[in-house]
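Inspection log for the structure reproduced underneath, given as structure tokens.
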Amino acid sequence: MSNDSIYSIPLQSVEGFQFDHKVAAVFPDMISRSVPGYSTIVAMTGVLAERYATDGSNLYDLGCSLGASTISMREKLVAKDCKIVAVDNSDAMIDRCRHIVALDDNPTKVELIEGDIQDISIENATVVVLNFTLQFLPINDRKQLLQRIFDGMKPGGILVLSEKVKFADPHLQELNTDLHHSFKRANGYSDLEIAQKRTALENVLIPETLDEHEARLKAIGFKACDVWFQCFNFASLVAVK
Ligand code: GEK
């Protein structure tokens, strides 16, 4: 696995973050050193899929990157005749994901789609995973996508929504931002890398508060919804149809 050193050298100007070939090549290292709890969330997504997937249903991994959640769900699934649909609009990610999925000899069918998650149809779904993906959509587009997901889910199915979140309280916002930066420093990122990455993600990754997420999910019709994991400003919710 290659190490992420993309922002280690001072850049004249920091461009907006893109999921290109450079990022795809170091992605597992980048995300595990940047997102507290990432490996736990991915592993528990498999545990949730084991519980909620039913025979003959579809599971979705939206914004799949290299397919970590897809592989985790595939490993844990007990329901029969399921299909996992994994979608990403980065060709660099999907190319590598295809390779990783092909090396995994689990028999559950995986359909890989290179495309925008806003354009694909969701149907017969028991488990839908948005693992750190919704945060990259313009805020005004989020409700429509979540509504389409809800409409394509079977009653009793779940949405697993993991996001970087912000805090309405300024003290908590500052505390959690500082703790996240300490986490990154402890994982070997320099202050320069942290600062340049932060600039690159500005206007690209737009966090909302947990209250905003929960209110929108309830308004769409999810009957139960709660945070099942949180570490600093990274959280994962489960919402039941
Ligand atoms: C994981 N879930 O390892 N349509 C399709 N894909 C998109 C879109 C879109 N509109 N917007 C962003 N993406 C993964 C990690 S990373 C999170 C997800 C991160 C894709 C984008 O190309 C990238 O691969 C992914 O969403 C977000 O569990 O890097 O913080």
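Of note:
- When only Cα pairs below 8 angstrom with a gap of at least 6 residues are kept, the chain shows a relative contact order of 22 percent.
- Among Asp95, Asp211, sorting on how many other beta-carbon atoms sit within 10 Å of each Cβ, with the fewest leading, yields Asp211, Asp95.
- Extension gain (nm, one decimal) between Val204 and Ala224, 0.36 nm per residue minus Cα-Cα: 4.3 nm
- Sites listed here are GluC sites (Glu not before Pro) in the range 148-241 whose DSSP assignment is loop and whose Cβ has at most 13 other Cβ atoms within 10 Å: Glu202.
- From largest to smallest, the equivalent ellipsoid semi-axes obtained for the range 183-236 from the alpha-carbon gyration tensor read 30, 14, 6 Å.
- Stokes-Einstein, applied to the Kirkwood radius of the range 48-108 over Cα pairs at a viscosity of 0.692 mPa s and 37 °C, places its translational diffusion at 280 µm² s⁻¹.
- Distances between placed amide hydrogens fall under 5 Å for Lys166 paired with Glu208, Thr209, Leu210, all partners being 5 or more residues away or on another chain.
- Across the range 123-130, coupling constants 3J(HN,Hα) worked out from phi with the 6.51/-1.76/1.60 Karplus curve, θ = phi - 60°, read 8, 6, 9, 9, 9, 10, 10, 10 Hz, and Gly and Pro carry x.
- The length gained on full extension between Asp81 and Gln173, counted as 0.36 nm times the residue separation minus their Cα-Cα distance, comes to 28.7 nm.
- Directionally averaged projected area (convex hull, Cα atoms, the range 1-44), nm²: 3.8 nm²
- Residue order, fewest to most beta carbons within 10 Å, for Met93, Met30, Met153: Met30, Met93, Met153
- Residues Ser182, Ser72 arranged by fewest to most Cβ contacts within 10 Å: Ser182, Ser72
- Segment His21-Glu111, length gained on full extension (0.36 nm per residue, minus Cα span): 30.2 nm
- Per residue, the convex hull around the alpha carbon atoms of the range 100-241 comes to 152 Å³.
- Backbone N atoms of the range 198-215 closer than 20 Å to the 7 Å Cα→Cβ label point of Asp119 are not found in any residue.
Every number in this text was worked out from the coordinates using simple rules, so none of it is lab data. A quick note: this is a predicted structure, and the numbers were derived from the prediction, not measured. Positions of Cβ are backbone-derived with ideal geometry, glycine not excepted, and every protein chain shown enters the neighbour counts.
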